[in-house]
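Asks: My questions all concern the structure below.
The values are calculated or read from the model by the stated rules, or taken from the named source; none is laboratory data. Keep in mind that what you see is a predicted model, and the values were worked out from it rather than measured. So basically every Cβ, Gly included, is an ideal-geometry build from the backbone, and we count neighbours across all protein chains shown. Protein only, heavy atoms only, side chains kept; ligands, DNA and RNA dropped before computing areas. Shrake-Rupley method; radii C 1.70, N 1.55, O 1.52, S 1.80 Å.
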Protein chains: 2
Amino acid sequence: MMVKHTLDKKRNVHFNPDNIDVLANEGANLLEEAIRAGVHIAASCGGAGVCGTCKVLIESGKVASNRTAQISADEYQQGIRQACQSRIITDLSVHVPLESRLGTSVVSSEKNKSATDILANNWKLNPPIRKCYVELPPATLDDNVCDFSRLVRALKQQYHCDNIDIDFDVLKDLPLVLRKKDWRATATCLARIDRDRTRISSPTVIKIEPGDTSHRLYSLALDIGTTTVCGQLLDLTRGQVIAEGIAYNKQIECGSDVITRIAYSQKPGGLRSLQQAVVTTINEINHELSRQSGVSTRNIEHVTAAGNTIMTHILFGLDPKFIRLAPYTPSACFIPPVKAGSLGIKVGRHAYLFAIPAVASYVGGDIVSGVVGTGMHQRKALTLYMDIGTNGEIVIGNSDWMVTASCSAGPAFEGGGIKHGIIATEGAIETFAIDPLSYEPEFGTIGRARPKGICGSGLINIVAGLLEAGVVSRDGQFQTNIATRRIRQGSDGLEYVLAWAPDTQIGRDIVITEIDIDNLTRAKAAMYAGCRTLSESVGVNSLDFEQVIIAGNFGSSLNIEKAITVGLLPDIPRDRFLFVGNGSLLGARLSSFSADRLDDALRVAGMMTNFELSENADFMNNYTAALFLPHTDINEFPTVSNKLARLPRTE
Amino acid sequence: MMVKHTLDKKRNVHFNPDNIDVLANEGANLLEEAIRAGVHIAASCGGAGVCGTCKVLIESGKVASNRTAQISADEYQQGIRQACQSRIITDLSVHVPLESRLGTSVVSSEKNKSATDILANNWKLNPPIRKCYVELPPATLDDNVCDFSRLVRALKQQYHCDNIDIDFDVLKDLPLVLRKKDWRATATCLARIDRDRTRISSPTVIKIEPGDTSHRLYSLALDIGTTTVCGQLLDLTRGQVIAEGIAYNKQIECGSDVITRIAYSQKPGGLRSLQQAVVTTINEINHELSRQSGVSTRNIEHVTAAGNTIMTHILFGLDPKFIRLAPYTPSACFIPPVKAGSLGIKVGRHAYLFAIPAVASYVGGDIVSGVVGTGMHQRKALTLYMDIGTNGEIVIGNSDWMVTASCSAGPAFEGGGIKHGIIATEGAIETFAIDPLSYEPEFGTIGRARPKGICGSGLINIVAGLLEAGVVSRDGQFQTNIATRRIRQGSDGLEYVLAWAPDTQIGRDIVITEIDIDNLTRAKAAMYAGCRTLSESVGVNSLDFEQVIIAGNFGSSLNIEKAITVGLLPDIPRDRFLFVGNGSLLGARLSSFSADRLDDALRVAGMMTNFELSENADFMNNYTAALFLPHTDINEFPTVSNKLARLPRTE
């Protein structure tokens, strides 16, 4: 028996600039109708009304919508509303502004601008490399100091730096470069720059170019994940991301998690193969960034990488052997910078690779990067930071203290181990709604392309939708008594057909299986149990958190509401949640933009206390209890309990 | 008509441990008789009595000898005398102690111990690298910090160092090495070590070895000359030279002086060929040092090299192009240390190469090294420092000021451009005497081997001897009216036969030609004129010098007396001269033994004022005036004038 959506007055809603019309019920939610119509609107918080990314302009017609804190008085006056907070009253013409649309670029930072703006605001553009243009007096018989001394003299005078060193390779080019444009040249200096930005102390000249190239200064920020590698090309002169890319880590062929990767590294030539695999992945992303931006890879002057301890070891070619053996010691948590080219990364030959430091074998630079990127270390507010990925990581604390734990969630959140799971690229099913009468699905894909698979956030949205519609039970099983041809017996057991073969890019039905649901359930249970166990260890409960920062490589957004529905996130007030997308990448980016953040990362890595969960009995209990949707104890999820209570009982 | 050596009483002199007897005239000089007998005794000062290297023990018999400052009362009591200061009175039995004998090793440092002891005494063994043995607490679950942090913790505790960094390559080995001998290991730290030797500041761990290897710490000191390359293997734990080697710089095939080398470097691939040539030379010497000492080249942890600016540029692969073009600017006077292996030098792969800094294009690190090695920069005494070689260099000054100049002398001093000139190796004719009646030569060779050629010091001794005997006139021509078959017309003009083919290693007559004498004359004239011009520029004359330090790569010694005879050195009191052998190598060695000396070298390079001689009219005048033996104005050389006045007039 249906309770929602009585079939009453139909209203026409026209979406611009897509020029799409949809017939909707009066009173229906504008965001949901847009999704149904295939109009892509970003909604980072999943329709909770807290993120403000789904702002639209009501060009004509009327909606019922409260003005929230995300809409300024001016905006409200202009007709701007949050789609998720608006009910359709009359026929409408709705304009979806560019910033609210899901674009084709797939890394989430820019779409989550509001969340990162809230969090990552306490920094100044102050990169660890800087370009110094100098005009030198030409050498004469009366002033024939060596070329390097002439350069040093000018840098001292014009940029007030001292203790200037030079990379040996630069010396080779120096004489010709200085003379090429009449003693005008630009020195790229790698340095710790003082906060007041008036002095560079102890810089090393790592590149010299003829003429003035100071307008051109690029950095590559990388998140090296077990499953996926994300990269951003940064313009350090403006503090902007100018291109983004993502790819599966080619190491996947050698094992899906860090433990199998370590095992592989111990085979003859294994470490070298793994290193080459990730370097190849990076180079492919780099090539894509170059294609998007038109910036030659050899003009990349600096690289910052964040990754878990195993990924970082392998990237640098360090043997991760002892990470797997008790007592689990890494070779080094802080790895000295090396020339990126020496590892095979195709950037400027002078560019150094900086790795964000780690805490321990299973608390890597990725989590340190996320903490530093979101500024959690700068605030007094008690914060829960969750990095949801193959290797899940949790931090609790504030500017004074931090505890951390990690748990292996498996690759489901990144589309791994899922029958039609794919990386968050064009054609990945990301948003999902289900018609409560017909059980027909409606979904949106990244890039509005025909579907080719399901990305991590899509998987959560689909399972939540199926659960809320009663298609899937709380133990993750399909309800076969529902009258829909979408549920059927497949080669891997029961499955629900999301898209029929002719409508897909892959020419096969795209389905979600019970095994997929089980994989997601175990993944979310590990995250939830890790979070709960760590909270209990320090005597806090989920309601104590003033801020919950969610990071993860889900594609454009994680729907917070749906993530609570499946039991991944605790059921607490939605306005405490902030989704920052790829937190590891965010920290790497800010460390490229601001030398201070790299210092912060070293400090934060030193202040974190690691809790080992792998042999913790409480963790195992919490994990088992969480192997239901949303949890064996439904009272832990009161709002989900309410939602599900409205379902017709189907037994 | 003969005036010297009346044929009176003959005395038998027996030399131990060589077991050689010689019949000598009563009253004859003991050193000269030893040379005549082929008994090798070091005499750095050439018999002037000031160096003390020719000490012998009179086992029986009597000599007439004054006690000089070089002989202590105890030594005098034991019967120790300076051979050069002793006249033969009765039959003698003479023991030549090991330290007074010319060995087969050919670099002069050890034989000139007294001279370097006098000069280079104000330093402490305080190498820029140090081995730190640590015993680490094994990793446990309660203490599982990363391996690098564990090492750092121990270094801080046991050696009180801070700001510890690690070479990336060492990280790769670290986990296995630490565990190999139960967490006992030795870290090689490259650091600036404070003078009080209780703290190492900001060291970088460049090597890690299992167990305690702190007894083993070797450095390679190099002098990279235009003509010859010299190397010493140093034991840094004891501050001792343990092996020495010398070889012609293989770049000679590409030109004999720095200008032709620069020209060659501008050909396609030329710079690379030159670099490979000198690296091959270094590796051959290194192989020889390893053979002598039994120390594997891969256990060499550190390299210090001194050379002129062009040689240093080429060694590092820096283009010397602009050194030759006005206004003559080097790429860099201070080159940052690089891994020696990256240039192809076969030492430990972690070893860094440090180059002694230069002053200008034609005042190189070799001269700075010599100044610092001899401690000239530490004393108030007005000092003349002359480095006699292919590229002659002159410094005048003291601890407060220094002026310097360079002049191209050509390779004659190193056996180059001389018909039978060879490097100072076994079989090189080094000492020379001539029978005043028969004009038959008597000579000593390095290693007492059969002769195969003439080294630089031999050339000076031969020309001086021929001049003193009247065989050669002051304009460098053979006196053909002398009744000796030794003077003859050869393929290159007139020549004097030093050794007949059957007595040589080469199976050909070894001769000295008028062209050879002319080459030496031009070389010594350049040095003398440079010295004179620079002195005049600062208003001092040769008698003002309180100390004259002579450096040069002459083989075992330079005979000061003979060098004055040919007009290479000014005719001033002999006790002001100190011959230090290869000064450039001395400074490189001391910079390996003491980190402070490398600091000093940077400071000294900064305080030197360079005088350009190449277009100086005074220099040309002084040069032309010096193109006689010893000089066109014989009054500049009063003691030589006296000697030559005793010659019978042969016209």
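Asks: Where both residues lie in chain B, what percent of DSSP beta bridges are antiparallel, nearest 5? Could you put the intermediate results ahead of the total?
Replies: Details: 77 of 113 bridges.
So the antiparallel bridges in chain B amount to around 70 percent.
Asks: Of A:Lys124/A:Lys339; A:Lys131/A:Lys321; B:Lys10/B:Lys55; A:Lys124/A:Lys250; A:Lys131/A:Lys380, which ones are farther than 32 Å apart at the Cα?
Replies: Details: A:Lys124/A:Lys339 26 Å; A:Lys131/A:Lys321 40 Å; B:Lys10/B:Lys55 23 Å; A:Lys124/A:Lys250 35 Å; A:Lys131/A:Lys380 36 Å.
Pairs exceeding the cut-off: A:Lys131/A:Lys321; A:Lys124/A:Lys250; A:Lys131/A:Lys380.
Asks: Using θ = phi - 60° and the Karplus form 6.51 cos²θ - 1.76 cosθ + 1.60, what ³J(HN,Hα) does each residue of region A:179-189 get, whole Hz, x for Gly and Pro?
Replies: Running phi through 6.51 cos²θ - 1.76 cosθ + 1.60 with θ = phi - 60° gives 8, 5, 10, 6, 6, 10, 7, 10, 9, 8, 10 Hz.
Asks: Once you charge only the Cβ atoms, +1 for Lys and Arg and -1 for Asp and Glu, what is the size of the charge dipole of the protein assembly as shown about its Cα centre, to the nearest 20 debye?
Replies: Values: 130 positive and 140 negative charges, 99 e Å.
Dipole size: approximately 480 debye.
Asks: Carbon and sulfur: what percent of the protein assembly as shown's accessible surface (1.4 Å probe)? If you can, show how the numbers build up before the last one.
Replies: Working: 23180 of 47940 Å².
Roughly 48 percent, rounded to a whole number.
Asks: Could you give me D for region B:129-210, from Stokes-Einstein at 25 °C and 0.890 mPa s, where the hydrodynamic radius is the Kirkwood radius over C-alpha pairs? Units µm² s⁻¹, please.
Replies: Details: Rh = 12.6 Å.
Estimated diffusion coefficient is 194 µm²/s.
Asks: Quick one: divide the alpha-carbon radius of gyration of chain B by 2.2 N^0.38 Å and tell me what you get. Don't skip to the answer; put the middle values down first.
Replies: Numbers: Rg = 26.1 Å, N = 651, 2.2 N^0.38 = 25.8 Å.
That works out to 1.01 for chain B.
Asks: Using just the helices of chain B, give the 222 nm mean residue ellipticity in deg cm²/dmol: DSSP H runs with n ≥ 4 each add -39,500 (n - 2.57), and the total is spread over all residues, rounded to 500. Let's see the in-between values first.
Replies: Working: 17 runs with 184 residues, N = 651.
The per-residue figure over chain B is -8500 deg cm²/dmol.
Asks: Buried accessible area between B and A (1.4 Å probe, both chains summed, ligands and nucleic acids excluded), in Å² to the nearest 100?
Replies: Details: alone 25370 and 25380 Å², together 47940 Å².
That pair hides around 2800 Å² of surface in total.
Asks: Something else about it: Can you give the mean number of other chain Cβ atoms that lie within 10 Å of the Cβ atoms in peptide B:312-318? Present the calculation step by step, with values, prior to reporting the outcome.
Replies: Numbers: counts 0, 2, 0, 0, 3, 4, 7.
Across B:312-318, the average partner-chain Cβ count within 10 Å equals 2.
Asks: Let me ask something else. Under a Cβ-Cβ cut-off of 11 Å, what is the net charge of the residues other than A:Glu546 that fall near it, where Lys and Arg count +1 and Asp and Glu count -1?
Replies: Working: positive: A:Arg379, A:Lys380, A:Arg576; negative: A:Asp544, A:Asp575.
Residues close to A:Glu546 contribute a combined charge of +1.
Asks: Another question, if that's okay. Shielding by partners for B:329-341, please: the mean number of other protein chain Cβ atoms within 10 Å of each residue's Cβ.
Replies: Working: counts 13, 7, 11, 12, 5, 6, 5, 8, 1, 4, 1, 0, 0.
Partner-chain Cβ atoms within 10 Å, mean over residues of B:329-341: 6.
Asks: Just the projected area, averaged over all directions, of the convex hull on the alpha carbon atoms of the protein assembly as shown: how many nm²? Don't skip to the end; give the middle numbers.
Replies: On the way: hull surface 230.0 nm².
Computing the convex hull of the Cα atoms and averaging its projections yields 57.5 nm².
Asks: What gaps in nm, shortest first, separate A:Gln378 from its twins in the other copies when you place the label 7 Å past Cα toward the beta carbon?
Replies: 5.3
Asks: Among DSSP bridges having both ends in the protein assembly as shown, what percentage is antiparallel? Round to the nearest 5.
Replies: For the protein assembly as shown, the DSSP antiparallel bridge percentage is about 70.
Asks: Here's another thing I want to ask about it. Just to confirm, what accessible area per residue do you get for region A:415-572 at 1.4 Å probe, in whole Å²? Can you show the working numbers first?
Replies: Details: 4860 Å² over 158 residues.
Per residue, region A:415-572 has 31 Å² of solvent-accessible surface.
Asks: Give the aspartates and glutamates reachable from A:Lys562 as a straight Cα distance under 13 Å; neighbours fewer than 8 places away on the same chain don't count.
Replies: Once the sequence-local aspartates and glutamates are set aside, what remains near A:Lys562 is A:Glu430, A:Glu468, A:Asp571.
Asks: Compare the Cα positions of A:Leu543, A:Ala605, A:Phe593 along the charge dipole of region A:535-629 (+1 at Cβ of Lys, Arg; -1 at Cβ of Asp, Glu; about the Cα centre) and return the one farthest towards the positive end.
Replies: Projecting each Cα onto the dipole axis, the largest value belongs to A:Phe593.
Asks: What longest region of chain A stays clear of chymotrypsin sites (Phe, Trp or Tyr not before Pro) that DSSP places outside H, G, I, E and B and that have at most 15 other Cβ atoms within 10 Å? Numbers along the way, then the final one.
Replies: Values: sites that count: A:Trp401, A:Trp500.
The answer is A:1-400.
Asks: Here's something else I'd like to know. For region B:215-317, give me the percentage of DSSP beta bridges that are antiparallel, rounded to the nearest 5 percent.
Replies: Values: 15 of 22 bridges.
Around 70 percent of the beta bridges assigned by DSSP in region B:215-317 are antiparallel ones.
Asks: So who's got an amide H within less than 5 Å of the one on A:Phe432, skipping anything under 5 residues away but keeping other chains? H placed 1.01 Å off N, in plane.
Replies: Close amide H contacts, sequence-distant or interchain: A:Gly444.
Asks: Among B:502-509, B:629-636, what's the highest-first ranking by average C-beta atoms within 10 angstrom per residue?
Replies: So the peptides B:502-509, B:629-636, ranked by packing, come out B:629-636, B:502-509.
Asks: At 7 angstrom along the Cα-to-beta-carbon line, where would the label on B:Gln489 sit relative to the other copies? Give the distances in nm, shortest first.
Replies: The answer, with the shortest distance listed first, is 12.0 nm.
Asks: Could you work out, residue by residue across A:167-174, how many beta carbons of other chains sit within 10 Å of that residue's beta carbon, and then give the average as an integer? Don't skip to the answer; put the middle values down first.
Replies: Working: counts 2, 10, 2, 2, 10, 6, 3, 5.
Mean inter-chain Cβ contacts per residue within 10 Å come to 5.
Asks: How many Å² of accessible area per residue for region A:144-258, probe 1.4 Å? Can you show the working numbers first?
Replies: Working: 4410 Å² over 115 residues.
Value for region A:144-258: 38 Å² per residue.
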